[in-house]
Amino acid sequence: MRMFPTVFLMMSIILLIMVMTGVTFYLTSNETRKGMLASILKSREARIATMSLLRQVLYKKTLEEAVSSLSSISIGNYIAKRIPEKITYHAIESLIWKAYANDLIDIESLLYGVYERTYKCFIYKYDLHNIKSIIRGLVLRQREITLIPLGNLIRPWEIDKAKGIKSLNELIDFLEAKEYYHEAKLIEKYEARLEAGELEALSLLEKELMKSWYEKLLKLASEIGDSAVLSVIGALIDMDYILSVVRLIQSDTEELKSNIIELTYNLTSDVKRRLIEAKDIGEILSALQQTPYRNIIEHIIKEGLYRDPLLLDISLKLLFTKYMLLTLLDDIFNVKPLISYLLLKEVEVHMLMFILKVVALDLPREVYEHILHLYPYEC
């Protein structure tokens, strides 16, 4: 009996050592896993189009020459293996989306925990695009709808099935089968009005869908608890609001005001009031100079990019992306490298599409070269 305390003590010590060893192994392997993920993302980043490559593509004489000059990047490599006999801009655009989807599918297999939740939250925007496209096609009786093979909802191999949805009821069933219960419930809420072709109901539904995405992003930022991630998510939400107001002014359509979502991050009530009441782009830029984004706006004013609606739209996206990428520097053991990669990849895709369209339409190159120095990837 006297041996019992000694044996018990020894067993306790052994158990404690095993627990400490297990915890140490878990923490070490987890940090190693994060470091490996950051390294993989960095290596993939090396195959993203650079500013100098985009400039070369811009000055090609034909679409064929432009596409063939993309072989050094992952998107170009994907296109080269699937290039159609007759090259058209729309065919290449479709291949770019598929290349982007293929890249993201590869990344998905590497993700876990908060990385996976972050990824799904950021690409949810493509789910919203596809849901809205299907609804608009049904309500507006459009024969052709454009779906993007990206997101969590519609995988590349499911595009034809999604395009075959013939009614709102079918869409609701499709969403529920994918466990998109919130989105299905929102559509049910407006179903009768949408069936009647009521455009106001369409606008209200789209606003609620977008607002739910912003709320997902803010909830994610709260979960991560990193000020830089919160700042980036706030900038994403604010950028959408600013672009909506800019497009409202450019379209000169007062009805679009009802489509603008009031949720913002760094924009005060007074700034939002001034933006909504603005009569021209000058008033919008003046109001935005009173925000944390004043450096972006001053750059646009200095370069005169506000004079052309297309240049202003693209410039805002590029400069906001640069702002967000700078916010995310210097932490490989966090979700920041993943968010940086997603932001950079998205802007690469949009810039490639933009430049290839300029080439396809044979627009004056020097006009559009003006914005290339805003592209956030120079290496």
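Select from region 149-198 the residues that are assigned to a helix (DSSP H, G or I), among the aliphatic types (A, V, I, L, M) and free of Cβ contacts under 8 Å to residues at least 12 places away in the same chain and list them in ascending order.
Ala177, Ala192
Is it the case that some residue within region 351-359 is surrounded by 22 or more Cβ atoms within 10 Å (Cβ to Cβ) and either under 16 Å from the mean Cα position of the chain (by Cα) or within 19 Å of His299 (Cα to Cα) (or both)?
Yes.
Residue pairs, Cβ under 6 Å, 6 or more apart or interchain, first in region 95-116 and more than 14 Å from Ala38 (Cα to Cα), second of a type in the set (Phe, Trp, Tyr) and in a helix (DSSP H, G or I). List them.
Once the first residue is more than 14 Å from Ala38 (Cα to Cα) and sits in region 95-116, its partners that are of a type in the set (Phe, Trp, Tyr) and in a helix (DSSP H, G or I) give Ala99/Tyr78.
Just checking, how many residues over region 57-81 are more than 17 Å from Asp362 (Cβ to Cβ) and outside any loop (DSSP other than H, G, I, E, B)?
Summing the residues that are more than 17 Å from Asp362 (Cβ to Cβ) and outside any loop (DSSP other than H, G, I, E, B) in region 57-81 gives 8.
Of the numbered conditions (1) in a helix (DSSP H, G or I); (2) modelled with pLDDT of 95 or more; (3) of a type outside the set (Lys, Arg); (4) under 15 Å from Val349 (Cα atoms), Asp103 fails exactly one; give the number of that condition.
Only one criterion is unmet by Asp103, namely (2).
Which members of region 234-266 meet the condition of being of a type in the set (Ser, Thr, Tyr), surrounded by 16 or more Cβ atoms within 10 Å (Cβ to Cβ) and in a helix (DSSP H, G or I)?
Tyr241, Ser244
Can you work out which of the residues in region 142-188 that are basic (Lys, Arg) and surrounded by 12 or more Cβ atoms within 10 Å (Cβ to Cβ) is modelled with the highest pLDDT?
Lys185
Given the residues Ser269, Ser231, which is the only one that is surrounded by fewer than 16 Cβ atoms within 10 Å (Cβ to Cβ) and within 16 Å of Pro292 (Cβ to Cβ)?
Going through Ser269, Ser231 in turn, the sole match is Ser269.
Residue under question is Thr146, and the condition is that it be closer than 30 Å to Ile79 by Cβ and part of a helix (DSSP H, G or I); does it hold?
When the stated conditions are applied, Thr146 does not pass them.
All but one of (1) closer than 24 Å to Glu65 by Cβ; (2) touching an Asp or Glu at 6+ places or on another chain (Cβ under 9 Å) hold for Glu378, so report the exception by its number.
The one condition Glu378 does not meet is (2).
The values are calculated or read from the model by the stated rules, or taken from the named source; none is laboratory data. This structure is a prediction, so every number in the text was calculated from the model and none was measured. When we count neighbours, we look across all protein chains shown, and the Cβ atoms used for this are built from the backbone with ideal geometry, even at glycine.
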